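Student: One structure is given below, represented as structure tokens, and several questions about it will come after.
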């Protein structure tokens, strides 16, 4: 429930920011720069006098978009390769899985560095990079599930009545892997928000003037001795979002996958 | 065992080769022309042609790859355009910052996580356990670079106990050098400690429920002996494995944290190399880190079997 509450709060903030923010997130007002939190500016202002609360709200959109698309890329590609690998087996399985092992050697940041060094920094390329780094995880997960499910009675029955391999995979086996994919997707979503923030901090993710939590922290660091607030609230927003979706993933695991036993406190 | 090691070694070699192919292809194929990337879109065609020739880009792709691969085996990772130095020596010079930073972070991870995990497991369902689990959940969710910034804010800007950034070279005194690595290592260590604390707690709780622990208690052994002599050793097997796997993540983590603390390590070198379009440096460092991570995973696989005699290799 806490996860749902925190995740919902971030989603709500992002949704509202599409129609309304207290101030224009990119509007500079030098006369009111580096102000502390107060009634006029709830989270204070940054070095250009921009309202931090409005920028944190708008930054949520970027973070959620990266999380959603990166997980989409990782899950789409991973499930496709995992099913292909599990269904055909033999040399194709070996080839795909070795390739996945190789990509698994790259943490998201490293892969993003490789990709952005060539394609250039930007939100689109960071989505691709984070998404690609998730592919092996989803591929392994769906392959493992697929291998065990394809020997189950319902899959064998579908085969016996003459359904094609693709139909069995698509209509019978894949829906059975959804719960585990949803759980992993939620946790992956939280990690993607973390990875995007890191990339934006390094200047490889969302580019200015668009607000991004990671980039806001980078900019705030220079003025930290004058005002600490710009370095506090964006970080807090990242933590709340990641915590929320992590807890949501844990909760979903409890609900959707009764086979996994936890040592409950 | 021998057959298993050989088989895993084979997989390791194939994986490393695949990694080298991925890096090579990403750097050479996707955008088209590395020479253009280095010189920019306004570059003179003649100079572009000269750079292409210098880089060997006018040769067939396979020849370029094999040449690069041969270089890797002889320790030649390429030549930096910006520093006009071999990439391998640049990496080696930056490792004196990144290596100790990762080691210190691992040290912090262990000294924070293991005692907290043991305490939580032995005080199961009590206030201390709940507190530690909240710490763990928050630690997993906190970005390490933000923790770094908060540490700078509190311990450098306000308390003046530590430098806010930069690195004092080992030559000027090991203690001063260590002092400049302390905060970044703490930021890296705390985040990883959150994961390991959970792992230690759940692993120890699982072992404490085993029959041999009940037998030890039934024999009348003191609780301290039961926990530290019988339960902990077995529970730490999986913890050590995860800890070793965290080493790879630590190396990647140093990339961001070195930027937060302006440390002249490998991570900062690669970020600067991107802005300077120094592709051989980016290529070399990414290959180096990926190879280290794959190697660590391989060693962990073997370590697991050595630590736990119940594991049989077929």
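The values are calculated or read from the model by the stated rules, or taken from the named source; none is laboratory data. Nothing here was measured: the structure is a model prediction, and the numbers come from that model. As a convention, Cβ positions derive from the backbone with ideal geometry for all residues, glycine included, and neighbour counts pool all protein chains shown.
Student: Here is a list: B:70, B:94. Which entry is within 27 Å of the chain's Cα centre (by Cα), surrounded by fewer than 17 Cβ atoms within 10 Å (Cβ to Cβ) and at pLDDT 80 or above?
Tutor: Working: B:94 fails: surrounded by fewer than 17 Cβ atoms within 10 Å (Cβ to Cβ).
Being within 27 Å of the chain's Cα centre (by Cα), surrounded by fewer than 17 Cβ atoms within 10 Å (Cβ to Cβ) and at pLDDT 80 or above holds for just one of B:70, B:94, which is B:70.
Student: If you check residue B:237 against the conditions, is it in contact with a helix residue (DSSP H, G or I) (Cβ under 7 Å, 6 or more places away or on another chain) and at pLDDT 85 or above?
Tutor: Considered against the rule, which asks whether it is in contact with a helix residue (DSSP H, G or I) (Cβ under 7 Å, 6 or more places away or on another chain) and at pLDDT 85 or above, residue B:237 comes out as no.
Student: Could you say whether any residue in segment A:208-216 is buried (at least 23 other Cβ atoms within 10 Å of the Cβ) and under 15 Å from residue A:128 (Cα atoms)?
Tutor: no
Student: Also, I was wondering about something else. Could you grab me the full set of residues in segment B:129-153 that are free of Cβ contacts under 8 Å to residues at least 40 places away in the same chain and either more than 9 Å from chain A (Cβ to nearest Cβ) or exposed (fewer than 13 other Cβ atoms within 10 Å of the Cβ) (or both)?
Tutor: Those that are free of Cβ contacts under 8 Å to residues at least 40 places away in the same chain and either more than 9 Å from chain A (Cβ to nearest Cβ) or exposed (fewer than 13 other Cβ atoms within 10 Å of the Cβ) (or both): B:131, B:134, B:151.
Student: If residue B:270 passes every condition in (1) within 11 Å of chain A (Cβ to nearest Cβ); (2) out of contact with any helix residue (DSSP H, G or I) (no Cβ under 8 Å at 6 or more places or on another chain); (3) at pLDDT 85 or above but one, which one does it miss?
Tutor: (2)
Student: I need the full set of residues from segment A:197-236 which are in a helix (DSSP H, G or I), closer than 25 Å to residue A:110 by Cα and more than 10 Å from chain B (Cβ to nearest Cβ), in order please.
Tutor: A:200, A:215, A:216, A:219, listed by residue number.
Student: Moving to a separate point now. Do you know which residues across segment B:47-74 are touching a helix residue (DSSP H, G or I) at 6+ places or on another chain (Cβ under 7 Å) and without any contact (Cβ under 8 Å) to a residue 12 or more places away in the chain?
Tutor: B:47, B:56, B:58
Student: Would you confirm whether or not segment B:271-291 contains a residue that is part of a loop (DSSP other than H, G, I, E, B) and closer than 21 Å to residue B:110 by Cβ?
Tutor: Within segment B:271-291, none of the residues are part of a loop (DSSP other than H, G, I, E, B) and closer than 21 Å to residue B:110 by Cβ.
Student: Given the criteria within 14 Å of chain A (Cβ to nearest Cβ), under 30 Å from residue A:215 (Cα atoms) and free of Cβ contacts under 8 Å to residues at least 24 places away in the same chain, does residue B:256 qualify?
Tutor: Details: within 14 Å of chain A (Cβ to nearest Cβ): yes; under 30 Å from residue A:215 (Cα atoms): yes; free of Cβ contacts under 8 Å to residues at least 24 places away in the same chain: no.
Criteria not met by residue B:256.
Student: Okay, moving on. So which residues in segment B:84-128 are without any contact (Cβ under 8 Å) to a residue 12 or more places away in the chain, farther than 24 Å from residue B:284 by Cβ and in a helix (DSSP H, G or I), if there are any at all? Explain how you work it out, then say what you get.
Tutor: Here is the first cut: in segment B:84-128, the ones without any contact (Cβ under 8 Å) to a residue 12 or more places away in the chain are B:84-86, B:89, B:92-93, B:99, B:103, B:111, B:115, B:123, B:125-128.
Filter once more, keeping what is farther than 24 Å from residue B:284 by Cβ: B:111, B:115, B:123, B:125-128.
Those that are without any contact (Cβ under 8 Å) to a residue 12 or more places away in the chain, farther than 24 Å from residue B:284 by Cβ and in a helix (DSSP H, G or I): B:111, B:115, B:127, B:128.
Student: Among the residues of segment A:77-91, count how many are part of a helix (DSSP H, G or I) and exposed (fewer than 14 other Cβ atoms within 10 Å of the Cβ).
Tutor: 3
Student: Among (1) surrounded by fewer than 22 Cβ atoms within 10 Å (Cβ to Cβ); (2) modelled with pLDDT of 85 or more; (3) facing another protein chain (nearest Cβ under 9 Å), where does residue B:275 come up short?
Tutor: Every condition holds for residue B:275 apart from (2).
Student: Moving on. When residue A:187 is evaluated against the numbered criteria (1) within 14 Å of chain B (Cβ to nearest Cβ); (2) at pLDDT 85 or above; (3) not in a loop (DSSP other than H, G, I, E, B), which criterion, by number, is the only one it fails?
Tutor: Result: residue A:187 passes all but (2).
Student: In addition: Have a look at A:183, A:173 and point out the one that is over 13 Å from residue A:79 (Cβ atoms) and within 28 Å of the chain's Cα centre (by Cα).
Tutor: Answer to the selection: A:183.
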